[in-house]
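A short write-up of the structure that comes next.
Coordinate-derived values only; no laboratory data. Small disclaimer: the values here were computed from a predicted structure and weren't measured. Cβ atoms come from the backbone with ideal geometry, glycine included; neighbour counts cover every protein chain shown.
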Amino acid sequence: MTKVFLLIAASLLSLKMNAQTFILKGKSEIAVSYGYGTHDMVKDGWGRIPYKSMSENSFGYLNDDMTVRLFGPTTPYAHFNDKQYAGALFVNYYFSPVSWISVGIGSGIEMHSAGLTTGDPTPGVNKEIRIGTYKRRAFTVAPELRLAYSRKPFVNFYALLGLGSTFVVERVENDATNQKITMNDNYFTFQVTPFGVKVGKTLSGFAELGYGYKGIMRVGASYKF
């Protein structure tokens, strides 16, 4: 009986040591990346600002009471102009318990801006006047899983899946009075990347094609330690 207990204790100790070795052999990685063509950007058409609080109708004019609240009832045909999109900047941490699996978490920000213009839509009449400014900031936090499906000495091909949440802050400002209206929102978000390639070992560069909060196209650099 004593031998049995000693054998069980030795087995448990061996499992513990192997588990610790497994964990200690894991690699950590920090990645910084830039993505373009995120889900927010493309879901209602390239270059539009399709968010519910400042949405546009099929004619391109604001279809809610935002302009009435901020600019008064005599402001006709208010619409977005000079739309700008800065892309999505992300920072990620990954841990690889084995060489072909990485789990981690990422956080990022993307920015949109536009001018608000009012004018007469009659053909041949050009009386557009800048009346305000629209700004939007979206902050995303998401855990991620990365799986390498082809590994070479200096080149890895992988897929990535992420699920998380995006927190949105929108602000509209009247240029004449500096009056502001701020709106907040949050929603579930995702990233599906079927193709990613990473070149390098300790210091690497990578490129990805996918869809979601990181964009259709994404490039970046990472450091493994």
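Checking the Cα-Cα distances for 83/224; 27/152; 135/214; 135/201; 27/135 against a 29 Å cut-off, the pairs over it are 83/224; 135/201; 27/135. Ranked by how many other Cβ atoms sit within 10 Å of their own Cβ, fewest first, the residues 172, 32 fall in the order 32, 172.
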